[in-house]
Ligand SMILES: Cc1cc2nc3c(=O)[nH]c(=O)nc-3n(C[C@H](O)[C@H](O)[C@H](O)COP(=O)(O)OP(=O)(O)OC[C@H]3O[C@@H](n4cnc5c(N)ncnc54)[C@H](O)[C@@H]3O)c2cc1C
């Protein structure tokens, strides 16, 4: 028995989500007293594969033929299933991101495994059963799922666990799955990369704007704040729907779920559908001119005021603070 983690890389590098998943897998493996294997299907260097040892990987498997990783859920699930057989793994860990959401159910059906998607904490292990926490009802409540299937799949919500430091050098192995053309049911013809320097789902700080900003031309002050704080930018759904901001920035029930350490909401009312995607944030700060805006009930800190007055002043204060000057 062992634990297998599926780790994705972007542009040849493993990001925070992959590091979190590897640490999660290692902690589960330590609880069970078994090994942690990691599978990667992207094109990365051997050094990068080895770097996963710093997050707990004891053995890393790579696939030279990286066509499946080009987002074909059934092909990805097929390769993970082969790695699962090769490594004799009973617990599989994925990230609850775009790929993970599509792959985990296909994999669960293939392996006849129990699946918890969107886990937010390490499992409590009682004999053969895992008790796994996940957010439910748009993040309004937490449910504990009991998994007692022989094979268990956990899709981990990003930012639920901090990557930890380990000091082992993992063994590197090549996995050689045999593919048939029929394994590839989807073909990705074009990939349009999200703009922005900080990845929204990996960001520690997110600066987000809503319809209260009146128009796309007013986003410069949010982008300035994001640049000062090293934050990613996000928006409410109507803002993306009316093309003030790109759709990949839309957070909420029908958009991305983010769990940053700090979420700054500017000119956003705080509708339940918006909160569903952000209320896992550790600290929420709201700037809204309406003291009755629902977001204030969910916020840790609130500023009642006009964003066009508050944000420029806040940016100046943040710049001074960052430069070490008295604010
Ligand atoms: C099925 C369904 C799914 C949905 N999914 C999502 C989703 O995933 N994400 C999402 O965001 N929404 C979603 N919505 C829409 C959601 O219900 C809200 O309509 C939306 O979140 C409102 O966006 P907003 O807060 O930007 O705009 P508004 O509701 O128009 O609020 C604007 C806010 O800005 C404030 N404001 C105005 N001027 C200023 C100023 N100068 N300074 C400071 N504050 C100011 C106002 O007081 C107000 O609170 C969904 C709705 C449905 C029905």
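Worth pointing out:
- In degrees, nearest ten, helix 307-323 long axis to first principal axis of the chain (Cα): 60
- On Cα atoms only, tilt of 73-87 relative to the major axis of the chain in degrees: 50
- Tilt relative to the chain, helix 16-32 - C-alpha long axis, 0 to 90 degrees, to 10: 50
- The chain - share of DSSP beta bridges that are antiparallel (%, nearest 5): 20
- Dividing the Cα radius of gyration of the range 2-183 by its Kirkwood radius returns 0.94 for Rg/Rh.
- The listed peptides 261-273, 210-222, 15-27, ordered by packing as a protection proxy, come out as 15-27, 261-273, 210-222 (highest mean of other Cβ atoms within 10 Å first).
- Size descriptors for the chain (Cα atoms only): Rg and Dmax, in that order, 21.1, 65 Å.
- Length gained when the stretch residue 11-residue 125 is fully extended (0.36 nm per residue, less Cα-Cα span): 37.5 nm
- Here is the size of the range 199-291 from its Cα atoms: Rg then Dmax, 11.5, 31 Å.
- Highest to lowest packing among 311-319, 142-150, scored as the average C-beta count within 10 Å: 311-319, 142-150
- Between 288, 243, 168, the Gaussian network model of the chain with springs among Cα atoms under 10 angstrom shows the greatest mean-square fluctuation at 243.
- Calculated mean residue ellipticity, 222 nm, the chain: -8500 deg cm²/dmol, from DSSP H runs (n ≥ 4) at -39500 (n - 2.57) each, averaged per residue and rounded to 500.
- Euclidean distance of C-alpha centroids, the range 174-219 and the range 1-78, integer Å: 19
- Fewest-first ranking of 171, 181, using other Cβ atoms within 10 Å as the exposure measure: 181, 171
- Packing-based exposure ordering (other Cβ within 10 Å, fewest first) of 87, 254: 254, 87
- Percent of Cα pairs exceeding the 21 Å cut-off, where the set is the range 4-99: 23
- Spin-label pair residue 182/residue 32, simplified geometry with 7 Å Cα→Cβ offset, distance in nm: 3.2
Every number in this text was worked out from the coordinates using simple rules, so none of it is lab data. In this text the structure is predicted, and so the values were computed from the model without any measurement. FYI the Cβ positions are ideal-geometry reconstructions off the backbone, even for glycines, and counts take in every protein chain you see.
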